[in-house]
Amino acid sequence: MSVSNNHNFNIDVHHHLIPPAFTQAMQKYGINQVAGAPLPLWNAERSLEAMDLIGTQTAITSLSAPGVYFGDLKEACDLARACNEYSAEIKIKYPGRFGSFAVLPMPFTEASCREAEYALDMLKAEGIVLLGSTEGIFLGDAQLEELMHVLNERLATVFVHPNIHASSNQVNLNIPGFILEFLCDTTRASVNLVASGVLERYPKINWILAHAGGFLPYVAWRVSLSNMMPELAEKIPEGFLHYIRRFYFDTALSPSPYAMAALNELVDPSHILFGSDFPFAPKQLSIIQKQNFDNLKVFSPETKQNILAHNALALFPQFQIDENQSIPALQHYSSASFSTRLKHHLMKPILKIGENIRKR
């Protein structure tokens, strides 16, 4: 099919690749599943076949869990480099059909900074993929501060994909991790990014949350009650919901009327992006997801087309296929103003009184 002549084309921001080096590493350690899902067979031709079935012009690829660290830091650095260079080769081989989110040897800050610089500056990756947690360390942790600085300096787009945290394994539910625990990981990471002040300190990073943000849209108001807790409120002077609304959310495995209604109430529709989760969501499931999305009543036809492609062009204008096509302006954020900080400072005694009352 010719996607350039298809007005219903999409840009898929949640599309996985499985490089040969990653497959070899998984086999070396006897791992054949990702969070309970079998590791699928993959090559670029399989992706292109699935993309053409649902009208995907461009898929921005990323490595899924468990990332590249299997216990050896040097091996992780080498594997990240191999995967990122492989992604760059795929982009060259199929121009316009693929972009890439580069993987980093997380949670090792110095090594991750070096790989982020190489991937963004030299390989021209479209962004970075970070797991919600790695080795028990969630995004927002203080030890990742230098990496946040590197990403902010480059106005990087970061795709947050879930992982299986050790606490998820301890729950011992007879449910594959990708069904439920993945959503916990994304929710924990996104809340921690806000609560730790990362979005306030590094406003130039654009964050995309996988799977419609996990549980975040549903619990957004509840977590915003932290505005009344002095030790947290100090790091979020604009208020919790303000920062949550900076996130972008993809539709992968989430294009249901219920999930999209909640998301539509929380964020501006310009912050919703199309995602398929191929190949972990195989071809048939990708088709079903696209059909579900097309049948949604919560969005107007114009909003649906914006979600499919237009919104992504604000983050990735290089994938514009029609020079007459308008590209939405990317909203740029900044840290809280002096007046906002002063107002927050003046509110601290009142919040403290409320906190003391609560503890009685």
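The values are calculated or read from the model by the stated rules, or taken from the named source; none is laboratory data. Everything numeric here is computed off the predicted structure, so don't read it as measured data. With ideal geometry, Cβ positions are generated from the backbone for all residues, glycine too; neighbour counts draw on all protein chains shown. Calculation scope for accessible area: heavy atoms of the full protein, side chains included, ligands and nucleic acids excluded. Shrake-Rupley method; radii C 1.70, N 1.55, O 1.52, S 1.80 Å.
A few remarks follow.
- If you check Gly99, Gly140 for being in contact with an Asp or Glu (Cβ under 8 Å, 6 or more places away or on another chain), closer than 26 Å to Leu253 by Cα and either open to solvent by 40 Å² or more (accessible area, probe 1.4 Å) or at pLDDT 95 or above (or both), only one passes: Gly99.
- Being under 22 Å from Phe278 (Cβ atoms), surrounded by fewer than 17 Cβ atoms within 10 Å (Cβ to Cβ) and touching a Phe, Trp or Tyr at 6+ places or on another chain (Cβ under 6 Å) holds for only one residue in Gly127, Gly55, Gly36, and it is Gly36.
- Total residues in segment 88-134 satisfying the condition of being closer than 19 Å to Pro20 by Cα and in a strand (DSSP E or B): the figure is 7.
- Checked against the criterion of being in a strand (DSSP E or B), within 24 Å of Ser334 (Cβ to Cβ) and touching a residue at least 12 places away in the same chain (Cβ under 8 Å), the candidates Ile236, Ile208 yield just one match: Ile208.
- Subset of segment 1-59 [part of a helix (DSSP H, G or I), within 26 Å of Ser254 (Cβ to Cβ) and at pLDDT below 95]: Val3
- Ser254 being under 26 Å from Leu41 (Cβ atoms), assigned to a loop (DSSP other than H, G, I, E, B) and in contact (Cβ under 8 Å) with a residue 24 or more places away in the chain: yes
Residues are listed down the side, and each one gets a yes or a no for (1) touching a Phe, Trp or Tyr at 6+ places or on another chain (Cβ under 6 Å); (2) modelled with pLDDT under 95; (3) closer than 27 Å to Leu313 by Cα:
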{"residue": "Met106", "(1), (2), (3)": "no, no, no"}
{"residue": "Ala119", "(1), (2), (3)": "no, no, yes"}
{"residue": "Met122", "(1), (2), (3)": "no, no, yes"}
{"residue": "Leu131", "(1), (2), (3)": "no, no, yes"}
{"residue": "Glu135", "(1), (2), (3)": "no, no, no"}
{"residue": "Leu183", "(1), (2), (3)": "yes, no, yes"}
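- Taking every residue in segment 126-150 that is within 28 Å of Pro95 (Cα to Cα) and acidic (Asp, Glu) and pairing it with any residue that is outside any strand (DSSP E or B) and open to solvent by less than 10 Å² (accessible area, probe 1.4 Å), at least 6 positions away or on another chain, the pairs with Cβ-Cβ distances below 9 Å are Glu126/Phe316.
- Test: residue in segment 346-357 that is modelled with pLDDT of 95 or more and of a type in the set (Lys, Arg): no
- Verdict on Ala80 being assigned to a helix (DSSP H, G or I) and touching a Cys at 6+ places or on another chain (Cβ under 8 Å): no
- Glu115 farther than 23 Å from Gln320 by Cβ, surrounded by fewer than 17 Cβ atoms within 10 Å (Cβ to Cβ) and in contact (Cβ under 8 Å) with a residue 24 or more places away in the chain: no
- Matching option when the condition is in a helix (DSSP H, G or I), closer than 30 Å to Leu155 by Cα and either among the β-branched types (Val, Ile, Thr) or touching a helix residue (DSSP H, G or I) at 6+ places or on another chain (Cβ under 9 Å) (or both), among Ser286, Ser270: Ser270
- Pairing each residue of segment 177-192 that is over 22 Å from Gln143 (Cβ atoms) and among the charged types (D, E, K, R) with any residue that is assigned to a loop (DSSP other than H, G, I, E, B) and open to solvent by less than 10 Å² (accessible area, probe 1.4 Å), provided the two are 6+ apart or on different chains, yields C-beta distances under 8 Å for Glu181/Pro162.
- Which listed residue, of Phe215, Phe182, is of a type outside the set (S, T, N, Q), open to solvent by 60 Å² or more (accessible area, probe 1.4 Å), closer than 21 Å to Gly36 by Cβ and under 18 Å from the mean Cα position of the chain (by Cα): Phe215
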